[in-house]
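J.: Pasting in a structure now, in structure tokens, and then I'll have a few things to ask.
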Amino acid sequence: MTENDIGKILNEWSMEFTLSMTESKSFCLALFNSDKELVYANDLIKDLLTDNPKDRFVNPSLEELLESESKDQPLPVFSGFLTLGDKNAINTSLLVDIYRKNNELLILGGFNAQLLIQQNEGMLQLNKTIGELQRKLIKEKNNLKATLNKLNEANQKLEKLIGDKDQFISILAHDLKSPFNSILGMSEFLLESIKELEIAEIEEQVRIINKTSYQTYNLLEDLLLWTKSQANKLSLNIEPIGLNLLFNELSDEIGPFAERKSINMIFRTNNTSINADKNILKTVLRNLISNAIKFTNEQGVVFIKAEKAEKAIKISVKDNGIGMDQSTVNNLWTAGEKNVMKGTMGEKGTGFGLAACKDLIHKHGGKIEVKSTEGKGSEFYFSIPLNS
């Protein structure tokens, strides 16, 4: 396209070009005379020049531009970035061509579109990076929140364990003190009076000392098993166990307690055998049977039964004692003073027996449950898988 063609276009569209340049927000047009007076400025550059146009030229200055020589040909006396503003403030740089003719300066130009495009691309990439960082922060925040929740849960469990431990030690100390006082008292009585007592009386005192010692030993043995289990240091010695023999041993051990209340213990094994740790199984059954005797009135019945189910051995201990309400049942499996109930003859307990039983049965991969009706008795039953 020749200069004549361009001139023709400009001439034909002069009104449109004039209107566009006058109101443009991206193209600047300004004319200064040799006296540094602003002759004309379109909207864009007028906003940048404000009240004192001649003082708004930061680089190059208006004086430097007016001192430049005029060109015979239509060539700019300056081509590049013109900085407008204030040396002590944020300034604006425009990419311009400045022409000088007849002692006048014509400023034509605007913002560098390529630079704006690059800046926009940079901002887009920056926004993407910020977005990714925000997503990572949200994820880390959620992870941190989940970790804090776990820590809070762990702290609550730890506080509960500490409380249970303190409470349990207090109860246990009380329960151990009583049998030891009996043993000490009776042994002192024997030492002081043995020469004066009949053989039958001595045998009776020794029998009571032996029984009390045995009860205390079983309590400590149960406690040792439970504390090992709580600390995950309990090793199971799984072996085949004939329940006939096991029930006979339990009958010999627990029989005297049942006899004191004239309670009839009935064992039904159906010649069943089970794979389990004998000491642990014996501890669980001793606790359940002792509890049944404890909460059964005189002349009552405790029925112990073992049977083979589809994939497990099921053992139940059922009594016709005082039973429990639902509130008591709900708190059975937690060690603590709130679970310490006196038996029908004032028998005391530690409050940890059933919690220990549940934990020990779980170690075998089994589960323990209870059915109870207030005033009619309770049935505790647990199952251990055949392949335990």
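J.: Please determine, by comparing only the residues of the range 293-329 that are in a helix (DSSP H, G or I) and out of contact with any helix residue (DSSP H, G or I) (no Cβ under 9 Å at 6 or more places or on another chain), which one is surrounded by the fewest Cβ atoms within 10 Å (Cβ to Cβ).
T.: Ser327
J.: Could you list, in sequence order, all residues of the range 236-260 that are in a strand (DSSP E or B) and either touching a Gly at 6+ places or on another chain (Cβ under 9 Å) or among the acidic types (Asp, Glu) (or both)?
T.: Glu239
J.: In addition: Check Met15, Met21 and return the single one that is of a type in the set (A, V, I, L, M, F, W, C) and surrounded by fewer than 10 Cβ atoms within 10 Å (Cβ to Cβ).
T.: Met15
J.: Now a separate question. Any idea which residue in the range 68-87 is surrounded by the fewest Cβ atoms within 10 Å (Cβ to Cβ), counting only those that are more than 60 Å from the chain's Cα centre (by Cα) and at pLDDT below 85?
T.: Gln73
J.: Got a number for residues in the range 352-377 being of a type in the set (Gly, Ala, Ser) and touching a Lys or Arg at 6+ places or on another chain (Cβ under 6 Å)?
T.: 0
J.: Touching a helix residue (DSSP H, G or I) at 6+ places or on another chain (Cβ under 9 Å), of a type in the set (Gly, Ala, Ser), modelled with pLDDT of 80 or more and more than 21 Å from Phe111 (Cβ to Cβ), is that true of Ser34?
T.: When the stated conditions are applied, Ser34 passes them.
J.: A further question follows. Would you check if Leu236 is surrounded by 13 or more Cβ atoms within 10 Å (Cβ to Cβ), hydrophobic (A, V, I, L, M, F, W, C) and either within 28 Å of Gly343 (Cβ to Cβ) or at pLDDT 90 or above (or both)?
T.: no
J.: Still on this structure, please answer the following. Does the range 49-65 hold any residues that are in contact with a helix residue (DSSP H, G or I) (Cβ under 7 Å, 6 or more places away or on another chain) and not β-branched (Val, Ile, Thr), and which are they?
T.: Of everything in the range 49-65, those that are in contact with a helix residue (DSSP H, G or I) (Cβ under 7 Å, 6 or more places away or on another chain) and not β-branched (Val, Ile, Thr) turn out to be Leu49, Lys54, Arg56, Leu62.
J.: Here's another thing I want to ask about it. Is it fair to say Ile263 is assigned by TED's automatic domain parsing to the domain that holds Lys342, in contact with a Gly (Cβ under 6 Å, 6 or more places away or on another chain) and over 20 Å from Ile313 (Cβ atoms)?
T.: So Ile263 passes the test.
The values are calculated or read from the model by the stated rules, or taken from the named source; none is laboratory data. Computed from a prediction, not measured in an experiment: that's the story for all the values here. Backbone-built Cβ (ideal geometry, glycine too); neighbour counts: all protein chains shown.
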